Amino acid sequence: MKKKINWNTITVTVLVVLGLVLGIKITRGIIVQHEEKIKQHEELVSLVKEETPKIKRYVHKQDQRHAIKTITIEYQKTHLTPMNFIEIEGYINGNKELGFEVDADARTEGVKMYIDGFECSKKMGKLIGFE
């Protein structure tokens, strides 16, 4: 007597194996993507740390009233915008309410970082005469 093949069991087994393989590949892809983001952020932070004197000079140039005593850059908040600009956040005089944001471009040939924009909180703007 011939044994009957149970196609339902074979189909379910194949689908389970395919599901596991796809799940593993998708999970690995997510992990690799996350690791790439971390590496990219570390490279940005490294560049910003290297260019900190230039950033601080730029912020000081915005101070018309010479009110800035200290500048703190929040390196972990550094990120790339959708337009591929580096956004750098910080604050002055030890007061986080006196915050600023500097936009920089690292794609300019021959220059590590070209500072392209500056924004600050209303409170900081009043203090330094940048309104």
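The values are calculated or read from the model by the stated rules, or taken from the named source; none is laboratory data. All values reported here derive from a predicted model rather than from experimental measurement. Ideal geometry is used to build each Cβ from the backbone, glycine not excepted, and the neighbour counts take in all protein chains shown. The accessibility values were calculated without ligands, DNA or RNA, using every heavy atom of the protein model including side chains. Shrake-Rupley method; radii C 1.70, N 1.55, O 1.52, S 1.80 Å.
Just to be sure, is Ile26 farther than 17 Å from Gly117 by Cβ, open to solvent by 100 Å² or more (accessible area, probe 1.4 Å), among the hydrophobic types (A, V, I, L, M, F, W, C) and free of Cβ contacts under 8 Å to residues at least 60 places away in the same chain? Considered against the rule, which asks whether it is farther than 17 Å from Gly117 by Cβ, open to solvent by 100 Å² or more (accessible area, probe 1.4 Å), among the hydrophobic types (A, V, I, L, M, F, W, C) and free of Cβ contacts under 8 Å to residues at least 60 places away in the same chain, Ile26 comes out as yes.
The C-beta contact set for region 31-44 (first residue within 14 Å of Phe85 (Cα to Cα) and open to solvent by 100 Å² or more (accessible area, probe 1.4 Å), second residue modelled with pLDDT of 90 or more and not in a helix (DSSP H, G or I), distance under 8 angstrom, 6+ apart or interchain) is empty.
So which residues in region 69-85 are of a type in the set (Ser, Thr, Tyr), loosely packed, with under 12 Cβ neighbours inside 10 Å and over 18 Å from Lys123 (Cβ atoms), if there are any at all? Steps first, answer last, please.
Step one: list which residues in region 69-85 are of a type in the set (Ser, Thr, Tyr), which gives 70, 72, 75, 78, 81.
Applying the additional criterion that residues be loosely packed, with under 12 Cβ neighbours inside 10 Å yields 70, 81.
Hit for region 69-85 is Thr81, nothing else.
Just to be sure, is Val102 under 18 Å from Leu44 (Cβ atoms), under 14 Å from the mean Cα position of the chain (by Cα) and of a type in the set (A, V, I, L, M, F, W, C)? Taking the combined requirement at face value, the residue satisfies it. For region 92-129, a tally of residues being open to solvent by less than 70 Å² (accessible area, probe 1.4 Å), not in a strand (DSSP E or B) and not hydroxyl-bearing (Ser, Thr, Tyr) returns 10. Tell me, please, whether a residue that is surrounded by 15 or more Cβ atoms within 10 Å (Cβ to Cβ), among the polar types (S, T, N, Q) and in contact (Cβ under 8 Å) with a residue 24 or more places away in the chain can be found in region 51-68. So far as region 51-68 goes, yes, one or more of its residues are surrounded by 15 or more Cβ atoms within 10 Å (Cβ to Cβ), among the polar types (S, T, N, Q) and in contact (Cβ under 8 Å) with a residue 24 or more places away in the chain. Do the conditions hold for Ile88, that is, is it under 17 Å from Val45 (Cα atoms) and surrounded by 17 or more Cβ atoms within 10 Å (Cβ to Cβ)? Answer is yes for this residue.
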